[in-house]
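Accompanying notes for the structure given below.
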Amino acid sequence: MKLSTALSLALLSTPPANAGFVQYQCSVSHASFDDPIAFPGSIGAAHKHIFWGNTNVNANTIGADLVNKLTTVSRVSPPPPI
């Protein structure tokens, strides 16, 4: 096989740079001194945290509180075709 033919085949079979990736945009939700992991239930007991995504995280948050809630995350690009 000639080098030019092999190179052409390689270029044709190379997936796009974004293949297999979905891009999201996530902005800051809020800041607080709560840490529901290290200090659960203790309002203001932690150093300042900046929260991204879920808009309702506080000292009393548990995992179930994070499911299907308001978020600052939005999809920027669609998923790649299957």
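No value in this document is a laboratory result; all are computed from the given coordinates. Remember, predicted model here, so these are calculated numbers, not experimental data. With ideal geometry, Cβ positions are generated from the backbone for all residues, glycine too; neighbour counts draw on all protein chains shown.
Out of the range 67-82, which residues are part of a strand (DSSP E or B), polar (S, T, N, Q) and loosely packed, with under 13 Cβ neighbours inside 10 Å?
Step one: of the range 67-82, the residues part of a strand (DSSP E or B) are 71, 73-75.
Filter again for polar (S, T, N, Q), leaving 71, 74.
Within the range 67-82, just Ser74 meets the criteria.
Whenever a residue of the range 65-78 is within 19 Å of Gln23 (Cα to Cα) and in contact (Cβ under 8 Å) with a residue 24 or more places away in the chain, its partners that are among the small types (Gly, Ala, Ser) and surrounded by fewer than 13 Cβ atoms within 10 Å (Cβ to Cβ), lying with C-beta atoms within less than 6 angstrom and at least six residues away or across chains, give the pairs Thr72/Ser27. When the range 21-66 is filtered for residues that are assigned to a strand (DSSP E or B) and out of contact with any Leu (no Cβ under 9 Å at 6 or more places or on another chain), the ones remaining, listed by number, are Tyr24, Gln25, Cys26, Val28, His30, Ala31, Ser32, His49, Ile50, Phe51, Trp52.
Here Ala64 meets the list (1) exposed (fewer than 12 other Cβ atoms within 10 Å of the Cβ); (2) in contact with a Ser or Thr (Cβ under 9 Å, 6 or more places away or on another chain) almost entirely, failing just condition (2).
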